[in-house]
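For reference, the structure is listed below as structure tokens.
The values are calculated or read from the model by the stated rules, or taken from the named source; none is laboratory data. Everything numeric in this text was worked out from a predicted model, so none of it was measured. So basically every Cβ, Gly included, is an ideal-geometry build from the backbone, and we count neighbours across all protein chains shown.
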Amino acid sequence: MEDGREWYVAMILYTTMPQEMIFPINDEDYKKQKVVQINGVSLLVTEYDSMRYQIVRLLSSNPKDFLIESFMPGQIIELFDHQSSFM
């Protein structure tokens, strides 16, 4: 402003999306992420190495899916074309 004062705008964002998805830090990290479906459950995964992926987030509205230990974030899973479908 002309009188030397600075103005800041505060904003509250109500969403179920994680902060990293809304305000990405590094685009390269997000290009490695995919949504896959295993046994009818959607998972957000990131490429770990060839044919292996790390679970980032479980995308489900079914509370029972969150009790499945193999779908916990951080787990490393191997995916083959016949096991899952990429979205």
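Taking the stretch 16-67 as the range and being hydrophobic (A, V, I, L, M, F, W, C) and at positive phi as the test, only MET51 passes.
In the stretch 46-69, the residues that are closer than 12 Å to LYS34 by Cβ form Cβ pairs under 9 Å with partners that are part of a helix (DSSP H, G or I) and at pLDDT 90 or above, at six or more places apart or across chains, as follows: ILE55/SER70; ILE55/PHE71. Among the residues of the stretch 1-25, those that are under 22 Å from LEU59 (Cα atoms) and modelled with pLDDT under 80 comprise PRO18, GLN19, GLU20, MET21, ILE22, PHE23, PRO24, ILE25. Among the residues of the stretch 50-69, is any out of contact with any strand residue (DSSP E or B) (no Cβ under 6 Å at 6 or more places or on another chain), of a type in the set (S, T, N, Q) and modelled with pLDDT under 90? Yes: one or more hits.
Within the stretch 40-49, which residues are at pLDDT 90 or above and surrounded by fewer than 14 Cβ atoms within 10 Å (Cβ to Cβ)?
Answer for the stretch 40-49, where residues must be at pLDDT 90 or above and surrounded by fewer than 14 Cβ atoms within 10 Å (Cβ to Cβ): just GLY40.
Of all residues in the stretch 1-45, those satisfying the criterion of being touching a residue at least 24 places away in the same chain (Cβ under 8 Å) and of a type outside the set (Val, Ile, Thr) are PRO18, LYS34, GLN37, SER42, LEU43.
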